[in-house]
Amino acid sequence: MSVDGFILTGGASTRMGSDKAQLLSGSLTSVQRIARALSVIAIRVSTVGRAGARSSDAFAHVIDVHPGWGALGGIHAALHACQSEWAAVVACDLPLVTSELFLRLRSLTHNSEPRTYDAVVPIQLDGRPQPLCALYRRESCLQKSEALIASGEHTPRALLAAVSTRWVRSEELSDLPGADHFFLNVNSPEDYLRAKTILASTR
């Protein structure tokens, strides 16, 4: 299977007070750290967001097809630009994702029939799904996301309900290094400090 990686950078960063994509975690920005993790499965890595949300000249930047449409709009833009069978979509405020996580998610794209799932989505430790650190099969998910947006839908959960989704329980990831922190969402200065502390402790 082929995979393109996409990092969503279009958020307003109002709670953080500065661009989350540019936050340094060690010597790397959040985008650089996530891109490095994605590179183990992705042929290419791009950022996704509004025209002014380009975070680095090192990555191609995909502009939202439906500006201001939120998370589903970002997923749709990634799928629209995707040149591979699958798109790995990650929000820029999840800097603690790892290569091991993406390898595990990729390994779960087929079931035992074998029939290909349309999406592979992890479940966080708190029981909530994390659609912004997930794999989406381009063909089926692009069609469904376009139809949902046309109907006025804004949420990724509607897309996941409309396609064949492989929900990945937290226990299926618990053996991976750093699993307790994969989905730490860095939205505030307090979150950022916690993420830096975790990274410093794992060096």
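When you scan the range 101-117, do you find a residue that is among the small types (Gly, Ala, Ser) and in contact with a Gly (Cβ under 7 Å, 6 or more places away or on another chain), even just one? No, every residue in the range 101-117 fails to be among the small types (Gly, Ala, Ser) and in contact with a Gly (Cβ under 7 Å, 6 or more places away or on another chain).
Scan the range 80-107 residue by residue and report those that are within 30 Å of ASP180 (Cβ to Cβ) and either assigned to a helix (DSSP H, G or I) or more than 16 Å from the chain's Cα centre (by Cα) (or both). Matches in the range 80-107: SER99, GLU100, LEU101, PHE102, LEU103, ARG104, LEU105, ARG106, SER107. Run down ARG106, ARG36 and say which single residue is in contact (Cβ under 8 Å) with a residue 60 or more places away in the chain, surrounded by fewer than 17 Cβ atoms within 10 Å (Cβ to Cβ) and either in contact with a strand residue (DSSP E or B) (Cβ under 8 Å, 6 or more places away or on another chain) or within 13 Å of LEU8 (Cα to Cα) (or both). Matching residue, one of ARG106, ARG36: ARG36. Among the residues of the range 140-175, those that are acidic (Asp, Glu) and either in contact (Cβ under 8 Å) with a residue 24 or more places away in the chain or touching a Ser or Thr at 6+ places or on another chain (Cβ under 8 Å) (or both) comprise GLU146, GLU153, GLU172.
None of the figures in this text is laboratory data; all of them are computed from the coordinates on show. Everything numeric here is computed off the predicted structure, so don't read it as measured data. Please note: Cβ atoms are built from the backbone with ideal geometry, for glycine as well, and neighbour counts cover all protein chains shown.
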